[in-house]
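Down below is the structure, laid out as structure tokens.
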Amino acid sequence: MEIQDIIESVGAMDGVLVLTPRPGDGSPEIAWGDTFFYYAPDGVVPKAQPFATIVTKDYPGDDTSRLDRPDAFRLNIAAGAEEFGRWTRSGPTDPGTADVIGPHPVYGSLHWLAVVNPGPETATAVDELLREAHRLARERFQRHANRGRADARDGQTG
């Protein structure tokens, strides 16, 4: 899988906003070239975290995936507790191993999964995990939107 393939696939999902920070767009330099996927059917960046990201470099405190290698990138997926448990029950994995799904080296405790350079061994699972992360993000968005509508109704006088 190539980065652009992932961006096109996830970007085609319902309500997805894809952000790829670049120089001059006001984003922090460390994020330039990475990609963030949000469920945002209104096209507005939500206050919520993205449901998936692609990172192309090591971040401070997050270098165990060894993304300083040529053409290395890591796909991170907010998979939810159930999928996280399913993919991590076999024990720890080396976060720098390509084409192996494991806990995110920093955000694993928040049920994020990660895979460096996803390929043929993980392609089907990655697609399923991205769809599940999208579904969970959509449900969170809808719960928040419904809560906002209920709060607005409760505040009306009449």
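In whole Hz, with x marking every Gly and Pro, tabulate ³J(HN,Hα) for the stretch 35-50 from phi via Karplus 6.51 cos²θ - 1.76 cosθ + 1.60, θ = phi - 60°.
9, 10, 10, 10, 8, 8, x, 8, x, 9, 4, x, 6, 6, 5, x
Once you have all Cα-Cα distances for the chain, histogram them in 10 Å bins from zero and send the whole-percent values.
For the chain, the pair-distance distribution reads 10, 38, 33, 12, 5, 1, 0.
Cα axis of helix 123-154 to longest principal axis of the chain: angle in degrees, 0 to 90, nearest 10?
It is inclined by approximately 20 degrees.
Note the full-extension length gain between Thr56 and Ser109 as 0.36 nm times their separation in residues minus their Cα-Cα distance, in nm to one decimal.
Computed gain between Thr56 and Ser109 is 16.9 nm.
Read-outs throughout are calculated quantities, based only on the coordinates presented, and are distinct from any laboratory measurement. Please read these numbers as outputs of a predicted model, since none were measured by experiment.
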